[in-house]
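The values are calculated or read from the model by the stated rules, or taken from the named source; none is laboratory data. Predicted model only: the values in this text are computed from it and were never measured. Ideal geometry is used to build each Cβ from the backbone, glycine not excepted, and the neighbour counts take in all protein chains shown. Only protein heavy atoms, including side chains, enter the accessible area calculation; ligands, DNA and RNA are left aside. Shrake-Rupley method; radii C 1.70, N 1.55, O 1.52, S 1.80 Å.
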Amino acid sequence: MRLHFRGAVLPTGEFVDLWVHDGVISFEPVADAETIHASGWIVPGLVDAHCHVGIKYGGGHEDSAGAIAQAEVERDAGVLLLRDAGSPIDTRFADDRPDLPRIVRAGRHIARPKRYIRELGIDLDDERDLPAIVAEQARRGDGWVKIVGDWIDRAVGDLCPLWSDAVLKEAIDAAHREGARVTAHVFGEDALPGLLNAGIDCIEHGTGLTDDTIDFMARHRVALVPTLINIDTFPEIAAGAGRFPVYAAHMRDLHARSRDTIGKAHEAGVPIYTGTDAGGSITHGRIADEIIALTGAGFTPHDALGASSWNARTWLNHPSIEPGAPADFVVYQEDPRENLAALATPSWVVLRGHVYDRRDPVTAYR
């Protein structure tokens with residue numbers, strides 16, 4: 001399949017001719033190429049750096065058909081690279097589907113009994129098993145492992161860390177020996193110092209960041225995926241936690257200052273990438289909402305888009321738009337940096353060199 005596009009390629013905005021042949025990008029002319037579009041804005045495939053392919057909306061496990069449907073929704077929204085931050089099912093069957101986004105898996109959530117959503121993760125009765133389980137998940141994943149850093153402790157009535165500092169250091173070291181990076185679900189403040197001092201590579205949510213932990217993350221280049229549209233469900237979570245008033249008040253407070261918290265992290269230079277937390281309480285295909293939400297935390301539209309495209313792809317070791325790279329990009333009729341809402345209506349999605357005409361959602365691909 002030989003294709004030709006012409007448009008402003010982001011992040012530079014340079015107006016160029018771009019060809020696709022055998023599923024890869026070329027800046028050199030390709031004979032007999034079909035011109036798909038000769039104007040517009042061409043953006044490296046979007047990234048949802050925190051989602052869950054295989055968790056049903058509302059909770060529970062998806063079957064393979066449901067997981068495929070979720071991935072198709074992401075593709076049609078222009079999301080061509082997913083970092084799955086914990087799934088209860090093995091989605092490697094999707095790797096054989098050229099019509100589905102590429103998935104970078106973090107294995108299953110690792111938690112303690114009654115300290116996370118039931119049946120989604122691996123529950124460890126003895127925290128001393130954490131290093132061995134982390135190493136096992138590192139070998140099964142795609143270079144990432146996900147642990148639950150804090151959750152409500154019903155005996156205390158508030159968010160509390162799940163692990164001791166010493167075992168976290170052993171576990172993260174074990175993952176690093178396997179060549180994997182480690183990320184952690186963290187809502188509150190108290191779990192962060194132990195995770196950061198243990199060498200964690202990324203923090204999910206991060207609503208409990210303080211000036212000290214922000215400074216540490218900036219100096220050590222620890223990434224943050226804030227999942228702002230998921231954080232906006234905190235008031236609803238608090239409303240259903242009447243038996244735990246301290247926890248409910250804490251969640252409301254974390255939500256109320258979330259944009260300020262993430263804005264401080266951005267200003268300090270913490271690497272920040274977009275993730276919707278789709279799966280469970282958030283529907284798939286909402287990356288545009290998450291990108292727009294970042295502007296409420298002080299991001300420029302250009303930086304917000306970069307956090308979900310060229311910068312996120314580099315962080316996950318995937319190329320953007322360059323000669324020889326896989327042809328994974330999205331074409332918009334207007335500059336999405338001038339109107340981020342345009343991200344919700346791509347004109348063409350190109351995945352592995354196949355073109356999905358989103359002007360007519362009924363169209364399959366060519």
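Hey, any hits in segment 271-279 for a residue that's outside any helix (DSSP H, G or I), open to solvent by 10 Å² or more (accessible area, probe 1.4 Å), in contact with a helix residue (DSSP H, G or I) (Cβ under 8 Å, 6 or more places away or on another chain) and closer than 21 Å to D211 by Cβ? There is at least one residue in segment 271-279 that is outside any helix (DSSP H, G or I), open to solvent by 10 Å² or more (accessible area, probe 1.4 Å), in contact with a helix residue (DSSP H, G or I) (Cβ under 8 Å, 6 or more places away or on another chain) and closer than 21 Å to D211 by Cβ. Taking the criterion of being at pLDDT 95 or above and in a loop (DSSP other than H, G, I, E, B), the residues of segment 280-301 that qualify are I282, T283, H284, G285, R286, G296, A297, G298, F299, T300.
State whether the residues of segment 310-327 include one that is under 21 Å from the mean Cα position of the chain (by Cα), more than 26 Å from I117 (Cβ to Cβ), part of a helix (DSSP H, G or I) and without any contact (Cβ under 8 Å) to a residue 24 or more places away in the chain. The answer is yes, given that some residue of segment 310-327 is under 21 Å from the mean Cα position of the chain (by Cα), more than 26 Å from I117 (Cβ to Cβ), part of a helix (DSSP H, G or I) and without any contact (Cβ under 8 Å) to a residue 24 or more places away in the chain. Screening segment 16-60 for residues that are closer than 17 Å to D76 by Cα and part of a loop (DSSP other than H, G, I, E, B) and picking the one that is nearest to the chain's Cα centre (by Cα) gives H52. Only one entry in I291, I287, I282, I272 is under 15 Å from the mean Cα position of the chain (by Cα) and within 20 Å of H109 (Cβ to Cβ), namely I282. Here D125 clears all of (1) in contact (Cβ under 8 Å) with a residue 40 or more places away in the chain; (2) surrounded by fewer than 24 Cβ atoms within 10 Å (Cβ to Cβ); (3) assigned to a loop (DSSP other than H, G, I, E, B) except the condition numbered (1).
Tell me, yes or no, whether segment 114-121 has at least one residue that is at pLDDT 95 or above and under 13 Å from A171 (Cβ atoms). Checking segment 114-121: not a single residue is at pLDDT 95 or above and under 13 Å from A171 (Cβ atoms).
If you go through segment 24-46 and keep only what is closer than 14 Å to E322 by Cα and open to solvent by less than 20 Å² (accessible area, probe 1.4 Å), you end up with I25, I42, V43, P44, G45. Residues in segment 135-156 that are crowded, with 17+ Cβ neighbours inside 10 Å, hydrophobic (A, V, I, L, M, F, W, C) and closer than 22 Å to Y247 by Cβ: I147, V148, W151, I152.
What residue, among those in segment 81-107 that are among the basic types (K, R) and surrounded by fewer than 22 Cβ atoms within 10 Å (Cβ to Cβ), is farthest from A135 (Cα to Cα)? Filtering segment 81-107 for residues that are among the basic types (K, R) and surrounded by fewer than 22 Cβ atoms within 10 Å (Cβ to Cβ), the one farthest from A135 (Cα to Cα) comes out as R97. Only residues that are β-branched (V, I, T) and touching a residue at least 60 places away in the same chain (Cβ under 8 Å): list them for segment 61-99, please. Within segment 61-99, V73, V79 qualify.
Only one of the listed residues (A293, A341) is of a type in the set (G, A, S), open to solvent by 30 Å² or more (accessible area, probe 1.4 Å) and at negative phi. That residue is A341.
In segment 217-240, which residue that is in contact (Cβ under 8 Å) with a residue 12 or more places away in the chain and more than 22 Å from the chain's Cα centre (by Cα) is farthest from L294 (Cα to Cα)? Restricting to residues being in contact (Cβ under 8 Å) with a residue 12 or more places away in the chain and more than 22 Å from the chain's Cα centre (by Cα), the top hit is A238.
Go through the residues of segment 50-68 one by one and say whether even a single one is at pLDDT 95 or above, under 24 Å from T183 (Cβ atoms), open to solvent by 10 Å² or more (accessible area, probe 1.4 Å) and among the small types (G, A, S). No, segment 50-68 contains no residue that is at pLDDT 95 or above, under 24 Å from T183 (Cβ atoms), open to solvent by 10 Å² or more (accessible area, probe 1.4 Å) and among the small types (G, A, S).
Screening segment 113-156 for residues that are touching a Ser or Thr at 6+ places or on another chain (Cβ under 7 Å) and not basic (K, R) and picking the one that is nearest to D90 (Cα to Cα) gives W144.
Here A94 fulfils each of the conditions (1) under 22 Å from D335 (Cβ atoms); (2) touching a helix residue (DSSP H, G or I) at 6+ places or on another chain (Cβ under 9 Å); (3) not in a loop (DSSP other than H, G, I, E, B) apart from (1). Just one residue in the set I133, I147, I117 is over 27 Å from P326 (Cα atoms), free of Cβ contacts under 8 Å to residues at least 40 places away in the same chain and not in a strand (DSSP E or B); that residue is I133.
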